[in-house]
1. Yes or no: T68 farther than 16 Å from A251 by Cβ, in contact with a helix residue (DSSP H, G or I) (Cβ under 7 Å, 6 or more places away or on another chain), of a type outside the set (G, A, S) and in the same structural domain as E53 (by TED's automatic domain parsing)?
2. Any chance segment 136-144 includes a residue that's within 16 Å of the ligand (Cβ to nearest atom) and small (G, A, S)?
3. Taking segment 405-440, which residues are within 30 Å of F227 (Cα to Cα), more than 23 Å from the chain's Cα centre (by Cα) and surrounded by 14 or more Cβ atoms within 10 Å (Cβ to Cβ)?
4. Does K147 satisfy the criteria of being modelled with pLDDT of 95 or more, outside the structural domain of F320 (by TED's automatic domain parsing) and more than 12 Å from the ligand (Cβ to nearest atom)?
5. Taking the condition more than 16 Å from the ligand (Cβ to nearest atom), in contact (Cβ under 8 Å) with a residue 24 or more places away in the chain and surrounded by fewer than 21 Cβ atoms within 10 Å (Cβ to Cβ), does D455 pass?
6. Select from segment 20-46 the residues that are more than 8 Å from the ligand (Cβ to nearest atom) and not basic (K, R) and list them in ascending order.
7. Only one residue in G127, G99 is in contact (Cβ under 8 Å) with a residue 40 or more places away in the chain, within 13 Å of the ligand (Cβ to nearest atom) and of a type outside the set (A, V, I, L, M, F, W, C), so which one is that?
8. Of the residues A363, A354, A394, which single one is outside the structural domain of G117 (by TED's automatic domain parsing), within 16 Å of the ligand (Cβ to nearest atom) and among the hydrophobic types (A, V, I, L, M, F, W, C)?
Amino acid sequence: MDKRSTDVLIIGTGLAGLFAAVNIDSSIKVTLLSKTKVRNSNSSLAQGGIACEYNDDKSLHQKHIEDTMRAGAYLNDKNAVEFLVHNAFDAVKTLIELGVKFDMDKNGEYLFTKEGGHSSKRIFHSGGDATGNNVIEDLLAVVKQRKNIHIVDNTMALDLLQKDGKVHGAIVLENEAKHYPIYAKKVIIATGGIGSVYGSTTNDLNATGDGIGMAYRAGCKFQNMEFVQFHPTALYSEFVTSRQRFLITEAVRGEGAYLRNVEKERFMKKYDPERMELAPRDIVSQAIYREMYDTWTDHVYLDTTHMDPKFLEKRFPTVFNYCKKEGYIMGLDLIPVAPAEHFLCGGIKTDLDAKTCSMNLYAIGEVAYTGVHGANRLASNSLLECLVFSKSAAKNINETLNGDLLNQDFVIEELPNYNYNYKPIRKKIGDYMDEHVSIVRNEQGLSLTDKVLKDIEANLLKYPNLTKYYYETLNMVETAHLITESALKREESIGCHLRIK
Ligand SMILES: Cc1cc2nc3c(=O)[nH]c(=O)nc-3n(C[C@H](O)[C@H](O)[C@H](O)COP(=O)(O)OP(=O)(O)OC[C@H]3O[C@@H](n4cnc5c(N)ncnc54)[C@H](O)[C@@H]3O)c2cc1C
């Protein structure tokens, strides 16, 4: 297969990218790009599951819609939420027909769990807490069977090829060495999250905001960038050197775990007495932040000591084994946790077909703003969003691709290649974002960060460099800047955006 031209170029091999690829007609040539290894993605890390009312019951659909809107502080686009929930059944059914297996009881009935903000048990899971890994493995097996789909790994998309408001492909860097264009009739950005922009994140470290950076340089519209969700329970360790933190799924609280401060007080009763530990993530993360502040510490505890260790080991094998490796036995020990960056609720603005404002360009998955999350995402709605909107993007492409022509009329600019180390700049971005654009924000800190980021961006743009690290750092600063600018404009506190002044 000619690597340098294709019908559809999909940038990203997470759930969004893979599910779009398998829903595109087999007569259409699809190229899937992965920045590093195919399995390195947030999708592979997902533990909890996929929210879906797997039925036609209108009243249950209505409850899922209401839970999503409530978690999003009603800043969601109601049409998009209805689209998500009403198409959930069909999207998950397709996944199951493709061979994905979800956990069932011994009578063959699906086992559903509950997470924060959900009013009923509606979350599919697989392998206990290995949902993402299992879904990705099953989809990769399907992709490998499809002759029209070609995966190119260790290849980073650097920038989009654009002319007259139309996107015609992307410039890529293969194995950090070969620089060339891939021409395409349609391009789908499916690059996932932005975790590496912060000093601590639950995300895969590939999440440097590349899709956001590329779309920004191509003039796309963005919305709700200020709404960055912090997961309340990332495993805390005093000695970690990586930005990445291990996530302890909310489903552990769904099954009955408590949160306690370092004085062993079950503090959620002060913040949300009705929903307690299962309040939406913004409320729980903000409560933890407050407790850490009041008790002069940098963590709280997840308490499972009233639960059966055998049940916990069976239900959460991934979490159980990771905690054990770190010296904590679930069911016996208090587990130290702290919030970490987890999910970007905003992103590249798209319509219900996942189309952006640039012609031939789509955005799906975490990188997109479809309108479903509002000011905060309801747990387990993001994998569902990947499924529903990837399917609608694929449908739109299947219906419209015929009229498109491949445009290869581009002169590819030669760029210098310096051996620079961007580590200190990345650290600076993370430090400012952690300090001023994290769970609690104020005008002074946001303005200071805005200025620092502008300076970094201007310096980077002055000295372009054909390396993966240069482009990642540029994407990080541009993403950080979009978040900070939006956070400055939003003066009220709402959802996961808490302004104290
Ligand atoms: C630890 C963890 C647990 C989670 N648990 C859940 C859960 O239980 N339920 C739920 O609904 N959500 C969960 N989420 C959120 C959810 O997993 C993500 O929002 C979702 O997987 C995003 O999928 P995606 O396909 O958009 O991106 P990803 O799965 O992150 O995939 C992005 C892909 O893009 C590639 N890429 C990035 N930049 C480039 C580039 N420049 N060139 C080429 N390729 C590039 C990456 O290599 C990767 O293949 C969790 C997230 C994390 C981090």
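1. Values: farther than 16 Å from A251 by Cβ: yes; in contact with a helix residue (DSSP H, G or I) (Cβ under 7 Å, 6 or more places away or on another chain): yes; of a type outside the set (G, A, S): yes; in the same structural domain as E53 (by TED's automatic domain parsing): yes.
When the stated conditions are applied, T68 passes them.
2. No.
3. We begin by selecting, within segment 405-440, every residue within 30 Å of F227 (Cα to Cα); these are 422-440.
Cutting the leftovers down to more than 23 Å from the chain's Cα centre (by Cα) gives us 422-425.
If the condition is that a residue be within 30 Å of F227 (Cα to Cα), more than 23 Å from the chain's Cα centre (by Cα) and surrounded by 14 or more Cβ atoms within 10 Å (Cβ to Cβ), then Y422, I425 are the ones that fit.
4. yes
5. Details: more than 16 Å from the ligand (Cβ to nearest atom): yes; in contact (Cβ under 8 Å) with a residue 24 or more places away in the chain: no; surrounded by fewer than 21 Cβ atoms within 10 Å (Cβ to Cβ): yes.
Spelling it out, it is not the case that D455 is more than 16 Å from the ligand (Cβ to nearest atom), in contact (Cβ under 8 Å) with a residue 24 or more places away in the chain and surrounded by fewer than 21 Cβ atoms within 10 Å (Cβ to Cβ).
6. Passing the criteria: A20, A21, V22, N23, I24, D25, S26, S27, I28, V30, T31, L32.
7. Values: G99 fails: within 13 Å of the ligand (Cβ to nearest atom).
Checking each option against the conditions leaves just G127.
8. A394
The values are calculated or read from the model by the stated rules, or taken from the named source; none is laboratory data. Nothing here was measured: the structure is a model prediction, and the numbers come from that model. We place every Cβ from the backbone using ideal geometry, glycine too, and count neighbours over all the protein chains shown.
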